[in-house]
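The structure appears below as structure tokens.
The values are calculated or read from the model by the stated rules, or taken from the named source; none is laboratory data. This is a predicted model, so every value here is computed, not measured. Neighbour counts are summed over all protein chains in view; Cβ atoms, including those assigned to glycine, are modelled from backbone coordinates with ideal geometry. The accessibility values were calculated without ligands, DNA or RNA, using every heavy atom of the protein model including side chains. Shrake-Rupley method; radii C 1.70, N 1.55, O 1.52, S 1.80 Å.
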Amino acid sequence: MTSETSTSLQELIDGADARGLAAAGLACLDRCLPLLAPERAEVLRPVWAAVARGDGGAWAEAVGKARVELDGAGGEDADAGGVVTMVRTMLDGVPAEWAEGPLRDWSGQCSTIALTVHRLYDATEAGPLHAGELRRQQAVLEAAAHGPTGLRRARELSIEGGRVLRAVVSRRARTA
């Protein structure tokens with residue numbers, strides 16, 4: 001991450017609390033989840049609820065249930081970019097512990113993976129899909145900084161980003 005915008009994203013990640021970090025990582029996973037399990041769009045809803053409550057016990061339980069429900073999703077990674085493997089890495093990396101250290105590591109990893117995934121589907125290396133993902137990540141962190149009230153906006157941004165990515169992937173599949 002070398003651009004001024006990317007530095008701002010890193011600063012937002014560095015300054016986020018546990019709730020903001022969990023929301024940021026979860027939003028990245030949520031936006032990319034359709035590439036792994038398109039039919040299971042709502043599987044992360046209980047994890048979002050745990051983030052809103054800031055409840056470590058509820059977080060661990062919701063994460064565990066989501067992993068079980070998504071076990072085996074995505075099948076083999078047949079695409080050239082390894083996108084399914086990358087999204088699976090985000091899911092497998094979700095820390096069960098509600099603590100800033102593990103959440104910060106995971107959130108940073110999810111940010112990088114989500115940006116990479118979006119870049120792979122972009123027509124150019126720094127195209128509009130990648131740029132939009134970068135803006136969404138910043139907006140999620142800024143919204144989450146407002147506490148539980150900002151999480152609704154963070155989730156809306158995540159849903160919107162997921163729709164955009166699904167549309168791009170669908171369009172690419174039709175033209176391939």
Subject >> Rg in Å to one decimal, and Dmax rounded to a whole Å, for the range 28-70 via C-alpha atoms >> reply: 10.3, 28
Subject >> Loop-exposed GluC sites (Glu not before Pro) per DSSP, neighbour cap 16 Cβ within 10 angstrom, longest uninterrupted part of the chain >> reply: 126-176
Subject >> Positive-end extreme of charge dipole, the chain - chosen from 98, 117, 21 (charges on Cβ) >> reply: 117
Original post:
For residue 41 and residue 68 in the same chain, what is the full-extension length gain: residue separation times 0.36 nm, less their Cα-Cα distance, in nm?
Top reply: 8.3 nm
**OP:** Mind giving me the nanometre distance, one decimal, between the label points for residue 85 and residue 146, set 7 Å out from Cα along Cα→Cβ?
**Re:** 4.0 nm
**OP:** Pull the list of the chain cysteines that no other Cys approaches to under 4.7 Å, Cβ to Cβ.
**Re:** 32
Subject >> Electrostatic dipole magnitude of the range 83-137 [Cβ: Lys, Arg +1; Asp, Glu -1; Cα centre; debye, to 20] >> reply: 160 debye
Original post:
Once phi is turned into θ = phi - 60°, what whole-Hz ³J(HN,Hα) does the Karplus curve with 6.51, -1.76 and 1.60 give for every residue of the range 142-149, x standing for Gly and Pro?
Top reply: 5, 5, 5, 5, 8, x, x, 5
Subject >> Equivalent ellipsoid dimensions for the range 75-159 as semi-axes, Å, which come from the Cα gyration tensor, largest first >> reply: 23, 18, 10
Original post:
Of the heavy-atom accessible surface of the chain (probe 1.4 angstrom), what whole percent is carbon and sulfur?
Top reply: 52 percent
Original post:
Normalized C-alpha radius of gyration of the chain, against 2.2 N^0.38 Å?
Top reply: 0.96
Original post:
Under unit Cβ charges (Lys, Arg +1; Asp, Glu -1), what dipole magnitude, rounded to 20 debye, does the range 52-169 have relative to its Cα centre?
Top reply: 440 debye
Subject >> For the chain, accessible area per residue (1.4 Å probe, heavy atoms of protein chains only), Å² >> reply: 48 Å²
Subject >> Cβ-Cβ FRET estimate between residue 135 and residue 159, R0 fixed at 22 Å, reported to 0.05 >> reply: 0.90
